[in-house]
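K.L.:
Quick one: this structure, given as structure tokens, is what I'll be asking you about.
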Amino acid sequence: MAANLVQKIFHQHKFYGERTCGTPIGLKVDEVYTQDATGTMAWLQFEAIGVDKVKVPVAVSYVDHNMIQSNYMNPDDHAFLQSAAAKFGAYFSRPGNGICHQVNLERFSRPGGIALGTDSHTPTNGGAAMIAIGVGGLDAATVMAGSPFELTMPKVVLIKLTGKLNRPYVTAMDVILTLLQKLTVKGGVGSIFEYGGDGVRELNLTERATITNMGAELGATTSIFPSDENTMGFFKAQGRLSDWIELKADTDASYDSVIELDLSSLEPMIAMPHSPDKVVAVKELAGTKVNQVCIGGCTNSSYQSMKAVSYVLKGKNVAENVNLLINPGSKQVYEMIAVDGCLREMIASGVRMLESSCGPCIGMGGAPGSGHVSLRTFNRNFEGRSGTKDAMVYLASPVTCAIAALSGKIVDPRDIKDLSIPEIEEPSHYIVNTNMLIAPKNGDNVHIVKGPNIKGVPVKEPLKDGIAAEVLIKLGNNVTTDDIMPAGSKVLPFRSNIPAISDFVFSNIDEGFSKRAIKAKENGGGIIVGGENYGQGSSREHAALAPMFLGVEAVITVSFARIHRSNLINFGIIPLTFTNPADFEKIKQGDRLKISGLKSSLTGSQSYTVTDETSGFTFTCASNLNQRETELILAGGLLPYTKRATQ
Ligand code: MIC
Ligand code: SF4
């Protein structure tokens, strides 16, 4: 039977289940990778499961987020991760080696393989024809300990590309921004986007990776391109031709739906504050003054992006009132631009060069000034994420950003008469120097190092039969995990210390939340009420783990984002949805809600009668949990469940 790309890869990796949309499927995983901000918990959890060595073919622990070392906490976490990788048999990518997704693309991506990463932008590897999915740390830990990865089979949507980009003005970033404008941040929920059509061959591998990276902002499970001659060119240049295979969908393959996009019709696009789907054409904002420009992040920090930027900057000066910050995506990219002279052009034009890391994208330095406009090549511009609450962050292509840095204002690249960016071809070879990537050795005698900020993983009790708890907060649609559990240089160092990080839950939108939750904990605990697409954005399980620590028993919403819903289940918090979404309006913060007969509803109809004891109103909710998810909730989460299974 004719198969699409996703079906082919799932077929080869299937443990159990069917490839029928909406049903659970268990998959064999080829690679698991972690990054430091989510990785400390993942590796602590792996240790708690009690397995000696990772049981997946490749595991990699990256350090790229928590890079500022203003005290002992982040370097202690790095040392812990290095020792855990050595002990349990994972590669360790040292701080400075680069952003996990860029390095993984260079060194470990593999057409036809399946990778999990504890970061929502893991789908970057889909540019190299890999099924790469972002998961919470606990999911990663259990898969590394030998469990299959279970996923609810998503829809497969074909994005059929035709035509050619109007280079150099229109770039891969404009492709994904256009899709975000059309589909919004919830347009991809429950779907995998498979790219096809003649337009695919017009894009090189790193351009494809830009598109699959930001598919995460559509809420998609992942995105994938076929593996063709362009893919081969990249693998050959990386010295990894033996990892390459050709892989495409059969010509008569079927899809759940098809979206057509003519690359020739696209123009430079920009996302406005404070959401990646508030997209307009750059020309509509022409003339807007900018204070800061940041180029890099996992979306646009490839060698090709850096080269395009250096062509724009060559022989020119960064505008007097603009700070231009650049973080090349990896050590390989940095070395390449140093050798070919692009770095010199950047420095000469007045760029502030940063190390290869996430940097300003996650508020690890590079915060804009009060009320400043910052134009970035990144993928997220949620309010406050930059580190400055009232900053106005816009997202655009490296070309649009570099031009703005020179002009001091937003300019449509097509209005620059002397924009000379020659076609950037795949280099014949990349510099491959792996001295920052430590391969696993026999680590039996390695001692795991834990600094004083590294605390144990809290575990929830098995499910009680009823909940009688206070609505601690009521929120609207598209609440992000940055809203629930902020990041940035102040909070991120507490990622290995759940009691300490819990103080910051919802701190950017409701400073009193954690105190209220602790008080309510003595009286039955708390409930969070949200609108549509609750928990969109990152994979950080701290957005579930810290509320669990604070006594949150249930989250009731109109709908959930995929990774966050899984994280809630993994930590024993029951995710419920309103059977009648209009009932959302009737609940208020401070109301006491009562759900009785929780266990029988959970193991039976999965329909729950909820009584609002404050207003007297009664409504119903549903949980839609599959067999395994039901067992996790009953056990109090994935950690107690897995420990029981391995004992
Ligand atoms: C992000 O871009 O929001 C992060 C920081 O990379 C997160 C992971 C984290 O919170 O550590 C993500 O995308 O999953
Ligand atoms: Fe790092 Fe930003 Fe990419 Fe997240 S989105 S992995 S913080 S560069």
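The values are calculated or read from the model by the stated rules, or taken from the named source; none is laboratory data. Just so you know, these numbers come straight off a predicted model, no measurement behind them. Ideal geometry is used to build each Cβ from the backbone, glycine not excepted, and the neighbour counts take in all protein chains shown. All accessible areas refer to the heavy atoms of the entire protein, side chains included, with ligands and DNA or RNA removed. Shrake-Rupley method; radii C 1.70, N 1.55, O 1.52, S 1.80 Å.
K.L.:
Please report the carbon-and-sulfur percent of the accessible area for region 195-326; probe 1.4 Å, protein heavy atoms only, DNA, RNA and ligands left out. Let's see the in-between values first.
P.N.:
Working: 2140 of 4890 Å².
The value for region 195-326 is 44 percent carbon and sulfur by accessible area.
K.L.:
Now for a different question. Assuming R0 = 60 Å, what is the FRET efficiency of Ala2 and Glu522, from their Cβ-Cβ distance, to the nearest 0.05?
P.N.:
On the way: r = 60 Å, r/R0 = 1.00.
The value I calculate is 0.50.
K.L.:
So which trypsin sites (Lys or Arg not before Pro) in region 422-513 end up in coil per DSSP with only 12 or fewer other C-beta atoms within 10 Å? Numbers along the way, then the final one.
P.N.:
Values: sites: Lys441, Lys450, Lys455, Lys460, Lys464, Lys474, Lys490, Arg495; in loops: Lys441, Lys450, Lys455, Lys460, Lys464, Arg495.
Listed in order of number, the matching sites are Lys441.
K.L.:
Given R₀ = 45 Å, what would the calculated FRET efficiency be for Ser370 paired with Val339, taking r from the Cβ atoms and rounding to 0.05? Intermediate values should be presented prior to the final figure.
P.N.:
Values: r = 40 Å, r/R0 = 0.88.
Approximately 0.70, to the nearest 0.05.
K.L.:
Please list, or write none, the lysines whose alpha carbon is within less than 29 Å of the alpha carbon of Lys160, excluding same-chain residues fewer than 8 places away.
P.N.:
Reachable lysines: Lys8, Lys14, Lys28, Lys182, Lys186, Lys236, Lys248, Lys278, Lys283, Lys307.
K.L.:
Which shape class, rounded, prolate or oblate, goes with region 335-482 when its Cα gyration tensor gives a ≥ b ≥ c as root eigenvalues, a/c under 1.5 marks rounded, and past that a/b bigger than b/c marks prolate? Before the final figure, lay out the partial values.
P.N.:
Numbers: a/c = 2.70, a/b = 1.35, b/c = 2.00.
Judged from the Cα gyration tensor, region 335-482 comes out oblate (a/c at least 1.5, b/c at or above a/b).
K.L.:
Subtracting the Cα-Cα distance from 0.36 nm times the residue separation, let me have the gained length for Thr609 to Lys594 in nm, one decimal.
P.N.:
Working: separation 15, 0.36 × 15 = 5.40 nm, distance 0.84 nm.
Residue separation times 0.36 nm, minus the Cα-Cα distance, leaves 4.6 nm.
K.L.:
I've got another one for you. What distance in nm separates the two pseudo spin-label positions at Ala286 and Phe617, each 7 Å out from Cα along the beta-carbon direction?
P.N.:
Placing both labels 7 Å beyond Cα along the Cβ direction yields 5.0 nm.
K.L.:
Using 0.36 nm per residue of separation minus the Cα-Cα distance, give me the extension gain between Lys586 and Glu461 in nm, one decimal.
P.N.:
Numbers: separation 125, 0.36 × 125 = 45.00 nm, distance 3.07 nm.
Once the chain is fully extended between Lys586 and Glu461, it gains 41.9 nm.
K.L.:
Please give the contour-minus-distance gain from Lys441 to Arg19: 0.36 nm per residue of separation, less the Cα-Cα distance, rounded to one decimal in nm. Numbers along the way, then the final one.
P.N.:
Values: separation 422, 0.36 × 422 = 151.92 nm, distance 3.74 nm.
Working it through step by step, the gained length comes to 148.2 nm.
K.L.:
Treating the angle as unsigned and between 0 and 90°, give the value, to the nearest 10°, between the Cα long axis of helix 36-49 and the longest Cα principal axis of the chain.
P.N.:
Between the helix axis and the principal axis of the chain, the angle is about 40 degrees.
K.L.:
Using alpha carbons only, how many degrees (0 to 90, rounded to 10) separate the axis of helix 398-407 from the longest principal axis of the chain?
P.N.:
Taking the Cα atoms of the chain, the angle to 398-407 is about 70 degrees.
K.L.:
Return one quarter of the surface area of the convex hull spanned by the alpha-carbon atoms of the chain, equal to its mean projected area, in nm².
P.N.:
On the way: hull surface 106.1 nm².
Mean shadow area of the hull around the Cα atoms is 26.5 nm².
K.L.:
Whole number in Å², please: accessible area per residue of the chain, 1.4 Å probe, ligands, DNA and RNA not counted. Please list the in-between numbers first.
P.N.:
Working: 22620 Å² over 647 residues.
Here the residues of the chain average 35 Å² of exposed surface.
K.L.:
Treat each spin label as a single point 7 Å out from the Cα along the C-beta direction, and report the Gln69 to Asn317 distance in nm.
P.N.:
Spacing of the two 7 Å Cα→Cβ label points: 3.6 nm.
K.L.:
Continuing with this model, one more query. Which stretch or stretches of region 52-89 have amide N atoms under 13 Å from the point lying 7 Å from Thr434's Cα along the Cα→Cβ direction?
P.N.:
58-60
K.L.:
How far is it, in nm, from the label point at Asp256 to the one at Glu229 when both lie 7 Å from their Cα along the line to the Cβ?
P.N.:
3.4 nm
K.L.:
Determine, for each peptide in 210-219, 545-554, 413-422, the mean count of other beta carbons within 10 angstrom over its residues, then list the peptides with the highest first. Could the numbers behind the result be given before it?
P.N.:
Working: 210-219: 27.9, 545-554: 24.7, 413-422: 13.4.
The densest-packed peptide leads the list: 210-219, 545-554, 413-422.
K.L.:
Quick check on region 263-417: take the gyration tensor over C-alpha atoms, sort the square-rooted eigenvalues as a ≥ b ≥ c, and tell me if it's rounded (a/c under 1.5), prolate or oblate.
P.N.:
Working: a/c = 1.45, a/b = 1.19, b/c = 1.22.
Here region 263-417 falls in the rounded category.
K.L.:
Counting only protein heavy atoms and using a 1.4 Å probe, what share of the accessible area of region 1-64 belongs to carbon plus sulfur, as a whole percent? Walk me through the numbers before you get to the answer.
P.N.:
Numbers: 1240 of 2290 Å².
Carbon plus sulfur share of accessible area: 54 percent.
K.L.:
Does region 557-647 classify as rounded, prolate or oblate by the C-alpha gyration tensor (a ≥ b ≥ c root eigenvalues; a/c under 1.5 gives rounded; else a/b over b/c gives prolate, otherwise oblate)?
P.N.:
Values: a/c = 2.24, a/b = 1.92, b/c = 1.17.
Because a/c hits 1.5 or more and a/b exceeds b/c, region 557-647 counts as prolate.
K.L.:
For region 365-461, which whole percent of the accessible surface, found with a 1.4 angstrom probe, sits on carbon and sulfur atoms?
P.N.:
In region 365-461, the share of accessible area belonging to carbon and sulfur is 50 percent.
K.L.:
Any idea what % of Cα-Cα pairs in region 130-233 are farther than 19 Å? If you can, show how the numbers build up before the last one.
P.N.:
On the way: 2513 of 5356 pairs.
Distances greater than 19 Å cover 47 percent of the Cα pairs.
K.L.:
Take the alpha-carbon centre of region 196-234, take the same for region 43-91, and report the distance between them in whole Å.
P.N.:
30 Å
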